[in-house]
Structures are given as C-alpha cells and as structure tokens.
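Q: Sharing a structure here in structure tokens format.
The values are calculated or read from the model by the stated rules, or taken from the named source; none is laboratory data. Treat the numbers as computed from the prediction; the structure is a model and nothing was measured. FYI the Cβ positions are ideal-geometry reconstructions off the backbone, even for glycines, and counts take in every protein chain you see. For the accessible areas, the whole protein counts, side chains as well, though only heavy atoms, and no ligand, DNA or RNA atoms are used. Shrake-Rupley method; radii C 1.70, N 1.55, O 1.52, S 1.80 Å.
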Amino acid sequence: MSVLISPALLNGSSAPATEEDEESLTHPLLNSLSRSASNNTSQVAIVGSSVSPIESLDYEIMENDYFKQDWRCGEKIQILQYVSMKWMMCFFIGLLVGLVGFCNNLAVENIAGMKFVVTSDLMRARRYTTAFLVFASSNFGLTLFAGLITAFIAPEAAGSGIPEVKAYLNGVDAPAIFSLRTLFVKIVGSISAVSGSLVIGKAGPMVHTGACIAALMGQGGSQKYGLTWKWLKYFKNDRDRRDLVTCGSAAGMAAAFRAPVGGLLFALEEMTSWWRSALLWRAFFTTAVVAIVLRALIDVCLSGKCGLFGKGGLIMFDVTSANVAYQIWDVPPVLLLAVIGGIWASLYNFLQDRVLRIYNRINERRAAYKIVLALTVSIFTSCLLFGLPWLAPCRPCPSDTSEPCPTIGRNGNYKKFQCPPGHYNDLASLFFNTNDDAIKNLFSKNTDAEFHPFSMLIFFITCFFLSIFSYGIVAPAGLFVPVIVTGAAYGRFIGMMFGSHSTLNHGLFAVLGSASFLGGSMRMTVSLCVIILELTNNLLLLPLMMLVLLISKTVADAFNGNIYDLIMRAKGFPYLERHAEPYLRQLSVSDVVTGPLQLFNGIEKVGNIVHVLKTTGHNGFPVVNERPHSAAPVLFGLVLRTHLVTLLKKKAFLQNPVPAGDDAFEQFSADDFAKKGLGHGDRVEDIQLTDEEMDMFIDLHPFCNTSPFTVVETMSLAKALMLFREVGLRHLLVIPKVSGRIPVVGIITRHDFMPEHVLSLHPSLAKSKWKRLRVKLPRGVKII
C-alpha cells in the first residue's frame, strides 16, 4: 500500500491523529518516522506575455532495469549511429538557423527599406503630411500584425526569448516555449515588429528561434501537428535536448551578428548552466556551419539579387582603418566613458525592470489590452521618429564624401528629409534607417564632422527611453541591438565632447560606447568582447574593449544585476544561481523539507497508485521494500509519475503481489518511456480501469531508478544546492543519518532552494541574506 506521512508525525507532535493519520498508522514504517518532504514543484511564471505553468527538467538518466537491458542490447553500430546523429543534428541546426537568420535580415531590409523609400519620395515632393501618414500607418500595421499573431497564436513568443531559454537550460520547463507555432510567430513577428521601426532588436528572437529549431529536431518534430520522425527517437530525453538547445542558442546569436565564436562564447558565458568539452565541440561546429551558410548567401546578395538588402544587417560594420592607433592620453577618456556608461546601463536595467513589471500587469489581462499597449508604443515611436528630425538644423553636404549627398535610395549617411538641395539632416540619417543601418552610420570612420552634438544627444535620449518602453509589448523583441545603438550614440557624443583631446575618431568612440552599455547591462565580458570584434572586424580595439567591458560591468554591479536575471525574476522563473546565499550554510536539508511525503511499496496496488496520482501533483515517488521482500525497510529507488502513467496505460498488472518475471519488458518499447514531445503527455484521468483492475498489483522494481542521488539530512543546504545545480537534478532524496528509521525522510526539489520558500520557513535568516556592495538609490527615484 502507499504511505502518506503526516506532518504531525514527522514533527514528533502529540496532537490527536486525524482520520487520514489513523489510517496510515497501520503501516509498519510509521513506527520510526522523523521528517518528510513534498516534491511538488508546480509553479507558474510569465512565459512570453502569458502566465503559464512551469515544471522542472530532469537531466539525470533513469537507470532502471529496463534502461540497462535496452542499453546492453545495443550493438556497436547503434552506438555509432547515436554519436553520428548528434553531429548530423548540429549540422542541420546550423544550416536551418543560418537560413532563417539570412531570411530575417533580407525581409527586414526590404520591408523597412520600401517604407523608407516611399516616405523619402514624399518628403522630397514636400508632401510632409502624407509622408507622416504613410510612415505612421505602415508602422501601425506592422506592429498590429505582430501583436495579433503573438497574442492569439503564440503568446510565448513575446519578448526576446533569452530569459526563457536561459531558464530552460537551468532546468525550468514551460509548455510551448519551443513549439512549432512559437517558432513560426517568433520568425514572422520579429520581422514585422523590427520592420515597424520599433526600437527593438532581432538578436534575442534569433537565439529563441535557434533553440526552437534545435528542440523540435531533438524531439523528432511536432506531435501536435503530426510532424514526427521516428529515427530521431534517440534524443527524447532532457539531457540530449538540453545539449541541442544549447547549440541552437549559440547558432542563433552567431546568425544575428555573423559572429560564430561570439555566439559560442555567449552560450557558454550567459545561457547554459552545464558545460563540457564534447558540447563545446558540437556547439563550435554548429556556429561554424552558420557562418559558412551566411557567407555563401551574402555573396549572392552582393551581386544585387536581394532587392533593397543593403550593407547593413549581416554585413560587418565598417570601422576598420589602416592607421588606427591610440596614445596613453587616450586612456583617461576611455576610462571615463566606461564608468559613466556603466552608470547609465545600470539605470537602464533599473528602469527596464520597473517598466516590465508594469507591463506584466497589463499583459495578464485580456489580449485587447496587450494589443492596445503595443499600438500605443508604435504611435508614440512614429511621432518621435518623424517629428524630432525637424529640430535638427540642416547641414551642408561635405565635399569629400565617398557617397552621394543627400542620399538617394534606401540607405546612406545623408538623408535629405526637409532640407534644401545640397544639405542633409543628420538626425534623420539615424532615425530614418533600420537599427542596423543606424549602427553602421554611427560606427563609420572618417565621419567626425557628420553629426551635430545636439542631434547626437537627442538620438541618445530617444533611443534610451524608447528601447525601455518598447521591450515587453506583445511582440518578439530583443534587447541586444537597442543597447548597441544606444551605447553607440552615447559613445559618439562622448567623443564629440573630447574633440581634439583624443586621437580616437568618433566611430571608435561609438564602438567603445556600445561596449560600455553592453557590459553594464548584460554583465558579460568575454563573449561581448568577441562579438563586437567580429561585428566590427577590428582587432586593434581589443585592449581598449577589454578595459571598457571590465570597468562598465564592475560599476554597474554596484547598483543592480544582469538585465536577463532581472527579467527572469520579474517573470517568476525559479532560477538557481551559481552561488549559494550565506544563510543556506546555516541550514541543513532537513530544515526545508515539508510534508506530506508519499511512498510506494516495491509491489504496489493499482488502486493506491491511481489515488496518489490523482490527488497529488508530485513527479517522483520513493519506492521502499518491506517484508517479505526485505528483512527491514530499505529504499529501493525512485519512480517517476510519467512511468507510472505508462504502466497504468499498458496495464502491466499482476493478479498477486509477486515479483514480475523477465517477460515484464516484452510489452514495452524504449519509446514508451522516452521523453514526450512538447505537447501534453498522457494523463491518469484519461485511463479507464475496471474495479477488478484496481485491485491488481504492479511490480515497480524494474522501472525504478535504483541509484538516485541522495543526501544525508544533516548536509548543509548550500552544499546540496551545488550538487542539485551542477548535476541538473529534479529530485534529491533525503535519507536519515541514523538507521532504524524510515529509509527516506524527504525529497528536495528546486522549489526548496528558492529564497522565498526558505525565508518563509526561517524569516529570522533574512538579515544574513547576501547583499552586494550596491549603491542605494534615493527614495524619490524609487517612486516608480
């Protein structure tokens, strides 16, 4: 029979037993009970723009008898096929992500380019009102389309997707984050939203897109739409799928910036929580495939076969110069730029966190509220992008420029806007371009006299606030490109302030400004340094780049945390940090487990199993052997809910409580116990059983993980956290320190390590919570 351990018994309480307690007192194990734990980790979080249930992933291999028998029967050719399939999957992931990345840029450049060409033609004809209406209505329609498909088809596709993928790689799963419809909306919605002149990027959505492609291929397609391939059955487990998603996220970043090494380091430094050398090789191979695919496709576009696809997008930004050099007196301005950039980036994170929390309250309501919010941001953005260039003075065209002035056609540094012939509007050259082209203009060399300081200040402030208010709407939106363009404007403005006091040109200051904002906001160093170097193709900036990233990150750490960590916290993901809070060392694992604990016998009655599955949400159950199968109660292993449902569905029942023979495996296949697809798996409520079957028995021994990870109840909670995180566990069994008691006293899950749970049980420890040396903002600033 199953055992429900009462919290009263666990705490040694002498309180009167309830009816449930009296019923369980008949079990012989209850004579020596001490403590138990619940392993129900079901929670909810904001996934994209919708509130969805989440659950933990289990990267531990279930080493039951069936797994061992299936593995022993595997021949060398099958093992070779398994290893070969991993490399083939990485190749196809890189190929598909490269194609999607190229098509994304091609679509954005053509859609946005057509909009800017039509608007510019109307401006040259002095039809200003018509030009504004065309510009604003185009942005309105594109944003509306992105909002509609996101809100009604795949709300999980909203946002950048990096927090969701990062949480997944930490062990948190949410339904539909890697589904086929999410992939479709992520691609189409990102193209539409970016083309609608919102101050958002496509790097984050590309990371999510790469992860979606990898996850769908790893599970053999989409079960919901009948698109599955049985030859991919080898990867239907959390561990292999995690590795593929890691490769997919690295490929997505590589495709966004054509930075293969940067994408690899981004996945290593920021995304994944588990890393090993074999995964490093496969991820490097995946990003290399992406780079080759993009190079081949870009060569096709250079011949003029891609419409309005210009020199922005995937093309490296031109800041190279034959005489790039700097002197010792150039270092102080760079240091000042890094310090101020870190402060601005921390303020950016602070405001982004506050705005996102407000948006989350709106997004929790009906879809109409989400769409109205997105359209409001679109209208406000269109008014600013069209209206602010009127404040900038017209500047005469330089005589030594290498391109037409004013600009004719799609892209260029010299937009005419409302200026007379022979003049250009420098602010319109930034606003009336895609974000990629704006970055190219800011990074370009030999353009120190092209922009006015007042125009650069307006552009910096506008991008700073528009990027904050644009992220969080119901549309795929990234943060990388907005932070880069904001930082570039800031760096170029600093370069203008120093003027002749530095030998660095304004384009190089823009690159360093982007680095300071990225380091202060994302809090990455190595991967960002390599991404920017691959983005600009300028290795001579490496020492200054490293210095700026280190200083800006250190300064920003004094105020708040990583932008993606703040977003994950605002969304409610139970993310396990790399470090343990000091108060966790003051607690043992027995201090956080809570009851009741549910146990199963090695040979259990069907009715008891059905009752437990229907009345609890637990995902793992300890299996204990008692007499006559064991001289004393002993922990045999752990059985998963999904495996129990499979046994009930297959009706692997016994008439009598006796061990099953070797023929117990004949009615099962390896696919029966494989990780289900992204859709909902089988439910116990859907299984029809007769009264006669409810009185039968199931031998759980062959289907238990006989070597689950266990810790002694006196172990430090901090040490248990490190084990839980590094191994990638979902359940951690707690065993007693002394014998003669129940063989398992509780189960530790992800929920038990969360600060909210621990401090709710022990509120006196809140004073010892880890506090960084951070500058506290004045109360007036905290009104938001």
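Q: Order these peptides, 251-263, 368-380, by their mean beta-carbon neighbour count within 10 angstrom, highest first. List each step's numbers first, then the result.
A: Working: 251-263: 29.3, 368-380: 18.5.
For the peptides 251-263, 368-380, the packing ranking is 251-263, 368-380.
Q: For the peptides 555-562, 182-189, 81-88, what is the packing order when you average, over each peptide's residues, the other Cβ atoms within 10 Å and list the highest mean first? Show your work: numbers first, answer last.
A: Working: 555-562: 19.6, 182-189: 24.5, 81-88: 13.5.
Result, highest mean Cβ count within 10 Å first: 182-189, 555-562, 81-88.
Q: Follow-up. From the Cα gyration tensor of segment 490-596, with a ≥ b ≥ c the square roots of its eigenvalues, which class applies: rounded if a/c is under 1.5, or else prolate if a/b is larger than b/c, or else oblate?
A: Values: a/c = 3.28, a/b = 3.07, b/c = 1.07.
In terms of gyration-tensor shape, prolate.
Q: Can you tell me the relative contact order of segment 365-484? Whole percent, Cα pairs under 8 Å, sequence separation 6 or more.
A: Details: 119 pairs, mean separation 29.0, N = 120.
Contact order relative to length: 24 percent.
Q: Now a separate question. Let's see if you can work this out: charge +1 on each Lys and Arg Cβ, -1 on each Asp and Glu Cβ, no other charges. What is the dipole magnitude of segment 344-412 about its Cα centre, in debye to the nearest 20?
A: Numbers: 8 positive and 4 negative charges, 107 e Å.
Dipole about the Cα centre, nearest 20: 520 debye.
Q: Quick check for me: using +1 on Lys/Arg Cβ and -1 on Asp/Glu Cβ, what's the dipole size of segment 324-459 about its Cα centre, in debye to the nearest 20? If you can, show how the numbers build up before the last one.
A: Numbers: 12 positive and 10 negative charges, 162 e Å.
Dipole of segment 324-459, to the nearest 20 debye: 780 debye.
Q: So what is the diffusion coefficient of segment 120-191 in µm² per second by Stokes-Einstein at 10 °C and 1.306 mPa s, using a Kirkwood Rh over Cα pairs? Please list the in-between numbers first.
A: Details: Rh = 14.3 Å.
In µm²/s, the coefficient rounds to 111.
Q: Among Leu183, Ala131, Gly210, pick out the residue whose Cα is farthest towards the positive end of the charge dipole of segment 85-222, where Lys and Arg carry +1 and Asp and Glu carry -1 on C-beta, about the Cα centre.
A: After comparing all options, I get Ala131.
Q: Could I ask something else about it? Can you check what the net charge comes to around Thr503, using other residues whose Cβ is under 14 Å from the Cβ of Thr503 (Lys, Arg +1; Asp, Glu -1)?
A: Values: positive: Lys445; negative: Asp330, Asp448.
Overall, the nearby charge balance is -1.
Q: Non-local amide H neighbours of Thr407 (under 5 Å, H modeled in plane, Pro and chain starts lacking H): which ones?
A: Amide H neighbours of Thr407: Tyr414, Lys415, Lys416.
Q: Amide H neighbours of Ala158 under 5 Å, at least 5 residues apart or on other chains, H built in the peptide plane: list them.
A: Ser49
Q: Grab the other residues whose beta carbon is less than 15 angstrom from that of Gly487, score K and R as +1, D and E as -1, and report the net.
A: Details: positive: Lys440, Arg492, Arg523, Lys553; negative: Asp436.
Once all neighbours under 15 Å are counted, the net charge is +3.
Q: So what is the accessible area of segment 681-758 per residue, in Å², with the probe set to 1.4 Å? Numbers along the way, then the final one.
A: On the way: 3100 Å² over 78 residues.
Averaged over the residues of segment 681-758, the accessible area is 40 Å².
Q: With an 8 Å Cα cut-off and a minimum separation of 6 or more residues, compute the relative contact order for segment 425-546 in percent. Can you show the working numbers first?
A: Numbers: 139 pairs, mean separation 29.8, N = 122.
Taking the mean separation of contacting Cα pairs over the length of segment 425-546, I get 24 percent.
Q: Could you compute the net charge surrounding Ser50? Neighbours are other residues with a C-beta less than 12 Å from the C-beta of Ser50; K and R count +1, D and E count -1. Mind showing how you got there, number by number?
A: Details: positive: Arg365, Arg366, Lys370, Lys571; negative: Glu156, Glu164, Glu364.
Surrounding charge for Ser50 is +1.
Q: Cα gyration tensor of segment 527-670, axes a ≥ b ≥ c as square roots of the eigenvalues: rounded (a/c below 1.5), prolate (a/b > b/c) or oblate? Mind dumping the intermediate values first?
A: Details: a/c = 3.60, a/b = 2.40, b/c = 1.50.
Here segment 527-670 falls in the prolate category.
Q: Could you provide, to the nearest whole Å², the per residue accessible area of segment 389-486 with probe 1.4 Å? If you can, show how the numbers build up before the last one.
A: Values: 3070 Å² over 98 residues.
Using a 1.4 Å probe on heavy atoms only, each residue of segment 389-486 averages 31 Å².
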